[in-house]
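Everything below concerns the one structure shown next.
The values are calculated or read from the model by the stated rules, or taken from the named source; none is laboratory data. As the structure is a prediction and not an experimental result, all values here were calculated from the model. Counting neighbours? That spans all protein chains shown, and the Cβs are built from the backbone with ideal geometry, glycine included. Note: areas computed on protein heavy atoms with side chains; ligands, DNA, RNA excluded. Shrake-Rupley method; radii C 1.70, N 1.55, O 1.52, S 1.80 Å.
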Amino acid sequence: MKKDELLTSCNAPDQKKTLKQILFVAEGQAALVDAEDRLPGPGEVRLQMRYSAVSAGTERALLTGNRESEEIFRYQLPARPGYAGSGVITHVGEGVEDFRPGQRVMVHGGGHQQFCTVPQKEIVPVPDNVPLDEAALTIIAGFSLSAIRKAEICLGQSCLVVGAGLLGLFAVQYARLSGAYPVIVSDMNPERRALALTLGADAAFDPSEPDYEQRVKAMTFSGKGVETAIEVTGNPKALRATLHCTAKFGRVLLLGCTRTMTEVDFYHDVHWPGIELIGAHSGARPTAQSFRNAYTEMDDCRVTLKYLSAGRLSFRPVIHEVVSPAEAPEVYARLAEQRNFPVGVLFDWSRLD
(Lines give C-alpha, C1' and ligand atoms only; values in the text may rest on other atoms or scores of the structure.)
Protein backbone atom coordinates (compact mmCIF):
# COMPACT_ATOMS: atom_id res chain seq x y z
CA MET A 1 0.00 0.00 0.00
CA LYS A 2 1.36 3.41 -0.97
CA LYS A 3 2.18 5.91 1.77
CA ASP A 4 -0.53 8.39 0.75
CA GLU A 5 -3.30 5.88 -0.02
CA LEU A 6 -5.56 3.80 2.23
CA LEU A 7 -7.54 0.63 1.65
CA THR A 8 -11.18 1.60 1.33
CA SER A 9 -12.63 -1.70 2.49
CA CYS A 10 -11.20 -1.78 6.02
CA ASN A 11 -12.99 -0.59 9.15
CA ALA A 12 -16.37 -0.15 7.48
CA PRO A 13 -19.22 0.96 9.78
CA ASP A 14 -20.81 -2.51 9.81
CA GLN A 15 -17.52 -3.86 11.22
CA LYS A 16 -16.69 -1.05 13.61
CA LYS A 17 -19.32 1.34 14.98
CA THR A 18 -16.95 3.78 16.68
CA LEU A 19 -14.07 5.90 15.54
CA LYS A 20 -11.33 7.88 17.23
CA GLN A 21 -11.76 11.62 17.46
CA ILE A 22 -9.85 14.50 19.05
CA LEU A 23 -11.98 16.49 21.49
CA PHE A 24 -11.23 19.59 23.57
CA VAL A 25 -12.47 18.39 26.94
CA ALA A 26 -11.50 21.36 29.13
CA GLU A 27 -9.55 24.59 28.87
CA GLY A 28 -6.11 23.76 27.47
CA GLN A 29 -6.83 20.00 27.42
CA ALA A 30 -7.39 17.70 24.46
CA ALA A 31 -8.13 13.99 24.45
CA LEU A 32 -8.44 11.19 21.89
CA VAL A 33 -11.91 9.74 22.46
CA ASP A 34 -14.41 7.36 20.88
CA ALA A 35 -17.15 8.80 18.70
CA GLU A 36 -19.98 7.32 16.64
CA ASP A 37 -19.34 6.30 13.05
CA ARG A 38 -22.10 6.14 10.44
CA LEU A 39 -22.76 5.40 6.78
CA PRO A 40 -23.54 8.35 4.49
CA GLY A 41 -27.09 9.43 3.83
CA PRO A 42 -28.41 10.93 0.59
CA GLY A 43 -25.94 13.41 -0.90
CA GLU A 44 -23.22 12.47 1.60
CA VAL A 45 -19.85 10.70 1.41
CA ARG A 46 -17.83 8.87 4.04
CA LEU A 47 -14.05 9.24 4.11
CA GLN A 48 -11.23 7.43 5.79
CA MET A 49 -9.21 10.40 6.97
CA ARG A 50 -5.54 10.38 6.05
CA TYR A 51 -4.42 13.76 7.39
CA SER A 52 -6.07 16.59 9.27
CA ALA A 53 -4.43 19.98 9.70
CA VAL A 54 -4.20 22.08 12.85
CA SER A 55 -5.48 25.62 12.31
CA ALA A 56 -3.43 27.20 15.08
CA GLY A 57 -5.24 30.52 15.56
CA THR A 58 -8.77 29.15 15.42
CA GLU A 59 -8.00 26.07 17.49
CA ARG A 60 -6.02 27.99 20.13
CA ALA A 61 -9.00 30.31 20.64
CA LEU A 62 -11.37 27.34 20.88
CA LEU A 63 -9.03 25.33 23.14
CA THR A 64 -8.57 28.17 25.61
CA GLY A 65 -12.17 29.38 25.46
CA ASN A 66 -10.69 32.55 23.96
CA ARG A 67 -9.74 33.48 27.51
CA GLU A 68 -7.82 36.59 26.46
CA SER A 69 -10.93 38.31 25.12
CA GLU A 70 -14.06 39.90 26.50
CA GLU A 71 -16.98 37.71 27.50
CA ILE A 72 -18.79 38.31 24.22
CA PHE A 73 -16.08 36.40 22.33
CA ARG A 74 -15.81 33.42 24.70
CA TYR A 75 -16.15 29.83 23.44
CA GLN A 76 -17.73 26.94 25.30
CA LEU A 77 -16.08 23.60 26.03
CA PRO A 78 -16.10 20.67 25.39
CA ALA A 79 -15.74 21.26 21.65
CA ARG A 80 -14.78 19.34 18.52
CA PRO A 81 -11.88 21.00 16.63
CA GLY A 82 -10.66 20.66 13.08
CA TYR A 83 -12.02 21.57 9.69
CA ALA A 84 -9.22 20.88 7.18
CA GLY A 85 -8.21 17.44 6.01
CA SER A 86 -7.75 14.87 3.27
CA GLY A 87 -8.52 11.23 2.81
CA VAL A 88 -10.03 8.48 0.67
CA ILE A 89 -13.73 7.90 0.03
CA THR A 90 -15.04 4.61 1.47
CA HIS A 91 -18.78 4.97 0.78
CA VAL A 92 -21.09 7.29 -1.15
CA GLY A 93 -24.73 7.97 -0.34
CA GLU A 94 -27.77 7.90 -2.55
CA GLY A 95 -27.71 10.48 -5.32
CA VAL A 96 -23.93 10.98 -5.27
CA GLU A 97 -22.77 10.66 -8.87
CA ASP A 98 -19.55 12.71 -9.08
CA PHE A 99 -17.57 10.73 -6.49
CA ARG A 100 -16.68 7.07 -5.99
CA PRO A 101 -15.10 4.83 -3.33
CA GLY A 102 -11.32 4.90 -3.51
CA GLN A 103 -11.15 8.50 -4.71
CA ARG A 104 -8.63 10.85 -3.04
CA VAL A 105 -10.21 14.10 -1.85
CA MET A 106 -9.69 17.10 0.39
CA VAL A 107 -12.44 17.72 2.93
CA HIS A 108 -13.82 20.76 4.72
CA GLY A 109 -15.48 20.30 8.11
CA GLY A 110 -14.44 16.72 8.73
CA GLY A 111 -12.91 17.33 12.16
CA HIS A 112 -9.86 15.63 13.61
CA GLN A 113 -11.09 12.04 13.38
CA GLN A 114 -10.44 8.66 11.77
CA PHE A 115 -13.51 8.72 9.56
CA CYS A 116 -15.94 11.46 8.63
CA THR A 117 -19.28 11.63 6.86
CA VAL A 118 -19.96 14.97 5.19
CA PRO A 119 -22.11 16.46 2.42
CA GLN A 120 -20.55 15.93 -1.01
CA LYS A 121 -20.30 19.70 -1.48
CA GLU A 122 -17.57 19.75 1.19
CA ILE A 123 -15.04 17.70 -0.76
CA VAL A 124 -12.89 18.29 -3.85
CA PRO A 125 -10.89 15.66 -5.79
CA VAL A 126 -7.12 15.78 -5.30
CA PRO A 127 -4.95 15.53 -8.45
CA ASP A 128 -2.85 12.38 -8.66
CA ASN A 129 0.44 14.28 -8.32
CA VAL A 130 -0.57 16.17 -5.16
CA PRO A 131 0.31 14.30 -1.93
CA LEU A 132 -2.50 14.00 0.61
CA ASP A 133 -0.51 15.68 3.38
CA GLU A 134 -0.27 18.85 1.29
CA ALA A 135 -3.89 18.51 0.17
CA ALA A 136 -4.98 18.61 3.83
CA LEU A 137 -4.01 22.31 3.90
CA THR A 138 -6.16 23.24 0.91
CA ILE A 139 -9.11 24.79 2.72
CA ILE A 140 -6.81 26.90 4.94
CA ALA A 141 -4.88 28.14 1.91
CA GLY A 142 -8.18 29.06 0.31
CA PHE A 143 -8.82 31.59 3.09
CA SER A 144 -5.70 33.47 2.01
CA LEU A 145 -6.67 33.23 -1.64
CA SER A 146 -10.05 34.80 -0.84
CA ALA A 147 -8.32 37.79 0.78
CA ILE A 148 -5.96 38.22 -2.18
CA ARG A 149 -8.94 38.17 -4.55
CA LYS A 150 -10.63 40.94 -2.56
CA ALA A 151 -7.40 42.98 -2.63
CA GLU A 152 -7.70 43.22 -6.44
CA ILE A 153 -3.92 43.59 -6.77
CA CYS A 154 -2.67 45.08 -10.03
CA LEU A 155 0.71 44.25 -11.57
CA GLY A 156 3.50 46.05 -9.74
CA GLN A 157 1.49 47.08 -6.68
CA SER A 158 3.22 46.67 -3.34
CA CYS A 159 1.78 44.26 -0.79
CA LEU A 160 2.54 43.89 2.92
CA VAL A 161 1.65 40.58 4.59
CA VAL A 162 1.51 40.98 8.36
CA GLY A 163 2.09 37.65 10.09
CA ALA A 164 3.96 34.66 8.65
CA GLY A 165 1.92 31.78 9.99
CA LEU A 166 0.08 29.43 7.64
CA LEU A 167 -2.30 32.08 6.31
CA GLY A 168 0.46 34.63 5.87
CA LEU A 169 2.78 32.24 4.04
CA PHE A 170 -0.01 31.24 1.69
CA ALA A 171 -0.89 34.92 1.17
CA VAL A 172 2.73 35.64 0.19
CA GLN A 173 2.56 33.06 -2.58
CA TYR A 174 -0.83 34.18 -3.87
CA ALA A 175 0.20 37.85 -3.81
CA ARG A 176 3.25 37.02 -5.90
CA LEU A 177 1.14 35.01 -8.33
CA SER A 178 -1.21 38.01 -8.61
CA GLY A 179 1.63 40.28 -9.70
CA ALA A 180 2.35 42.14 -6.46
CA TYR A 181 5.82 43.69 -6.21
CA PRO A 182 7.40 44.05 -3.80
CA VAL A 183 5.84 41.51 -1.45
CA ILE A 184 6.89 42.46 2.07
CA VAL A 185 6.43 40.30 5.17
CA SER A 186 6.21 41.34 8.80
CA ASP A 187 6.78 38.84 11.62
CA MET A 188 8.72 38.86 14.89
CA ASN A 189 9.93 35.28 14.42
CA PRO A 190 13.21 35.22 12.43
CA GLU A 191 12.65 31.64 11.23
CA ARG A 192 9.26 32.54 9.82
CA ARG A 193 10.70 35.61 8.11
CA ALA A 194 13.39 33.43 6.53
CA LEU A 195 10.77 30.93 5.37
CA ALA A 196 8.69 33.73 3.83
CA LEU A 197 11.70 34.83 1.80
CA THR A 198 12.16 31.30 0.42
CA LEU A 199 8.47 31.26 -0.59
CA GLY A 200 8.67 34.44 -2.64
CA ALA A 201 8.69 37.46 -0.33
CA ASP A 202 11.02 40.25 -1.46
CA ALA A 203 11.72 41.53 2.05
CA ALA A 204 10.87 40.52 5.63
CA PHE A 205 10.96 42.81 8.66
CA ASP A 206 10.60 42.52 12.43
CA PRO A 207 7.68 44.76 13.49
CA SER A 208 9.20 45.22 16.96
CA GLU A 209 12.13 47.16 15.49
CA PRO A 210 11.85 50.92 16.13
CA ASP A 211 12.27 51.82 12.44
CA TYR A 212 9.87 49.15 11.18
CA GLU A 213 7.36 51.49 9.53
CA GLN A 214 10.11 53.50 7.84
CA ARG A 215 11.75 50.34 6.48
CA VAL A 216 8.47 49.10 5.01
CA LYS A 217 7.74 52.45 3.37
CA ALA A 218 11.28 52.63 1.96
CA MET A 219 10.46 49.53 -0.11
CA THR A 220 7.51 51.25 -1.78
CA PHE A 221 7.01 53.77 -4.60
CA SER A 222 8.32 57.18 -3.46
CA GLY A 223 8.28 55.86 0.12
CA LYS A 224 4.55 56.52 0.42
CA GLY A 225 3.58 53.14 1.86
CA VAL A 226 2.12 49.89 0.60
CA GLU A 227 -0.88 49.90 -1.70
CA THR A 228 -2.24 46.66 -0.23
CA ALA A 229 -1.80 45.08 3.20
CA ILE A 230 -3.01 41.66 4.33
CA GLU A 231 -3.33 41.71 8.13
CA VAL A 232 -3.19 38.11 9.32
CA THR A 233 -2.31 38.31 13.01
CA GLY A 234 -5.59 39.65 14.35
CA ASN A 235 -3.49 41.63 16.84
CA PRO A 236 -4.87 45.15 17.48
CA LYS A 237 -1.37 46.64 17.82
CA ALA A 238 -0.32 45.02 14.53
CA LEU A 239 -3.39 46.46 12.81
CA ARG A 240 -2.53 49.99 13.93
CA ALA A 241 1.06 49.59 12.70
CA THR A 242 -0.26 48.20 9.41
CA LEU A 243 -2.44 51.27 8.88
CA HIS A 244 0.63 53.46 9.44
CA CYS A 245 2.47 51.49 6.71
CA THR A 246 -0.34 51.86 4.17
CA ALA A 247 -0.33 54.46 1.41
CA LYS A 248 -3.07 57.01 0.87
CA PHE A 249 -6.09 55.33 -0.76
CA GLY A 250 -4.58 51.93 0.04
CA ARG A 251 -6.40 48.79 1.10
CA VAL A 252 -6.07 46.76 4.30
CA LEU A 253 -7.56 43.26 4.17
CA LEU A 254 -8.57 41.91 7.58
CA LEU A 255 -7.78 38.21 7.19
CA GLY A 256 -6.79 37.54 10.82
CA CYS A 257 -9.47 37.23 13.51
CA THR A 258 -8.97 39.63 16.41
CA ARG A 259 -11.60 38.07 18.71
CA THR A 260 -11.01 41.10 20.96
CA MET A 261 -12.28 44.68 20.97
CA THR A 262 -9.91 46.83 18.89
CA GLU A 263 -9.26 50.55 19.11
CA VAL A 264 -8.48 52.38 15.86
CA ASP A 265 -7.86 56.11 15.32
CA PHE A 266 -10.28 56.19 12.42
CA TYR A 267 -9.89 59.89 11.68
CA HIS A 268 -6.08 59.95 11.30
CA ASP A 269 -5.45 56.35 10.19
CA VAL A 270 -8.48 55.54 8.00
CA HIS A 271 -10.73 58.51 7.23
CA TRP A 272 -8.12 61.17 6.41
CA PRO A 273 -5.85 58.96 4.20
CA GLY A 274 -8.88 57.32 2.54
CA ILE A 275 -7.82 53.79 3.42
CA GLU A 276 -10.25 50.94 2.76
CA LEU A 277 -10.69 48.34 5.51
CA ILE A 278 -12.03 45.13 3.95
CA GLY A 279 -13.31 42.17 5.93
CA ALA A 280 -11.76 38.98 4.58
CA HIS A 281 -13.07 36.30 6.94
CA SER A 282 -13.64 32.94 5.25
CA GLY A 283 -17.36 33.31 5.92
CA ALA A 284 -17.50 36.60 3.98
CA ARG A 285 -17.75 35.00 0.56
CA PRO A 286 -20.52 33.59 -1.66
CA THR A 287 -21.91 30.20 -0.69
CA ALA A 288 -23.27 28.97 -4.02
CA GLN A 289 -22.02 30.92 -7.05
CA SER A 290 -18.55 32.39 -7.66
CA PHE A 291 -18.25 35.74 -9.40
CA ARG A 292 -15.42 38.14 -10.28
CA ASN A 293 -13.12 38.30 -7.22
CA ALA A 294 -15.54 36.51 -4.88
CA TYR A 295 -15.25 32.75 -5.16
CA THR A 296 -16.91 30.06 -3.05
CA GLU A 297 -14.74 28.09 -0.64
CA MET A 298 -14.77 25.00 -2.82
CA ASP A 299 -13.98 26.93 -6.00
CA ASP A 300 -10.99 28.49 -4.24
CA CYS A 301 -9.96 24.96 -3.20
CA ARG A 302 -10.14 23.83 -6.83
CA VAL A 303 -7.92 26.72 -7.89
CA THR A 304 -5.47 26.00 -5.07
CA LEU A 305 -5.19 22.33 -6.04
CA LYS A 306 -4.72 23.33 -9.69
CA TYR A 307 -1.74 25.53 -8.75
CA LEU A 308 -0.34 22.86 -6.43
CA SER A 309 -0.56 20.29 -9.19
CA ALA A 310 1.25 22.65 -11.58
CA GLY A 311 4.03 23.32 -9.07
CA ARG A 312 3.19 27.02 -8.80
CA LEU A 313 2.39 26.81 -5.08
CA SER A 314 4.64 25.23 -2.46
CA PHE A 315 3.06 23.68 0.64
CA ARG A 316 5.84 21.24 1.58
CA PRO A 317 8.02 23.88 3.34
CA VAL A 318 5.21 24.91 5.70
CA ILE A 319 4.62 21.38 7.04
CA HIS A 320 6.78 21.29 10.16
CA GLU A 321 5.32 18.40 12.17
CA VAL A 322 3.39 15.26 11.26
CA VAL A 323 2.27 13.38 14.38
CA SER A 324 0.02 10.55 15.48
CA PRO A 325 -3.41 11.57 16.82
CA ALA A 326 -2.39 9.75 20.00
CA GLU A 327 -0.07 12.71 20.62
CA ALA A 328 -2.97 15.19 20.58
CA PRO A 329 -2.90 15.96 24.34
CA GLU A 330 0.76 17.01 24.16
CA VAL A 331 0.34 18.89 20.87
CA TYR A 332 -2.56 20.95 22.16
CA ALA A 333 -0.90 21.60 25.50
CA ARG A 334 1.86 23.28 23.52
CA LEU A 335 -0.61 25.15 21.33
CA ALA A 336 -2.40 26.57 24.37
CA GLU A 337 0.76 28.04 25.88
CA GLN A 338 3.30 28.61 23.09
CA ARG A 339 3.10 31.60 20.78
CA ASN A 340 5.81 30.16 18.51
CA PHE A 341 3.90 26.97 17.81
CA PRO A 342 5.13 25.25 14.60
CA VAL A 343 3.63 26.70 11.44
CA GLY A 344 2.14 23.57 9.88
CA VAL A 345 1.11 20.60 12.05
CA LEU A 346 -0.72 17.58 10.69
CA PHE A 347 -2.26 14.53 12.33
CA ASP A 348 -1.51 11.33 10.39
CA TRP A 349 -4.51 9.09 11.01
CA SER A 350 -2.89 6.04 9.44
CA ARG A 351 -0.68 5.86 12.52
CA LEU A 352 -3.68 4.57 14.50
CA ASP A 353 -4.13 1.57 12.16
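Residue count for segment 190-225 under the criterion of being of a type in the set (S, T, N, Q) and part of a helix (DSSP H, G or I): the result is 3. Entry remark, segment 320-348: residues being out of contact with any His (no Cβ under 8 Å at 6 or more places or on another chain) and within 12 Å of residue 55 (Cα to Cα) number 4 in total.
Across segment 172-182, a minimum of one residue is classified as of a type outside the set (Asp, Glu), within 30 Å of residue 324 (Cβ to Cβ), in contact (Cβ under 8 Å) with a residue 60 or more places away in the chain and open to solvent by 10 Å² or more (accessible area, probe 1.4 Å).
When 100, 80, 149, 104 are checked against the criterion of being open to solvent by 10 Å² or more (accessible area, probe 1.4 Å) and free of Cβ contacts under 8 Å to residues at least 24 places away in the same chain, a single residue qualifies: 100.
Put simply, of 38, 100, 60 the only residue that is outside any strand (DSSP E or B) and within 19 Å of residue 335 (Cα to Cα) is 60. Does residue 216 satisfy the condition of being open to solvent by less than 30 Å² (accessible area, probe 1.4 Å), at pLDDT 95 or above and under 17 Å from residue 171 (Cα atoms)? Judged against the criteria, residue 216 is not a match. When 191, 134 are checked against the criterion of being open to solvent by 20 Å² or more (accessible area, probe 1.4 Å), under 16 Å from the mean Cα position of the chain (by Cα) and over 22 Å from residue 248 (Cβ atoms), a single residue qualifies: 134. Going residue by residue through segment 242-265, is there one that turns out to be in contact with a Phe, Trp or Tyr (Cβ under 6 Å, 6 or more places away or on another chain), small (Gly, Ala, Ser) and over 27 Å from residue 58 (Cα atoms)? Checked against the condition, which is being in contact with a Phe, Trp or Tyr (Cβ under 6 Å, 6 or more places away or on another chain), small (Gly, Ala, Ser) and over 27 Å from residue 58 (Cα atoms), segment 242-265 yields no hits at all.
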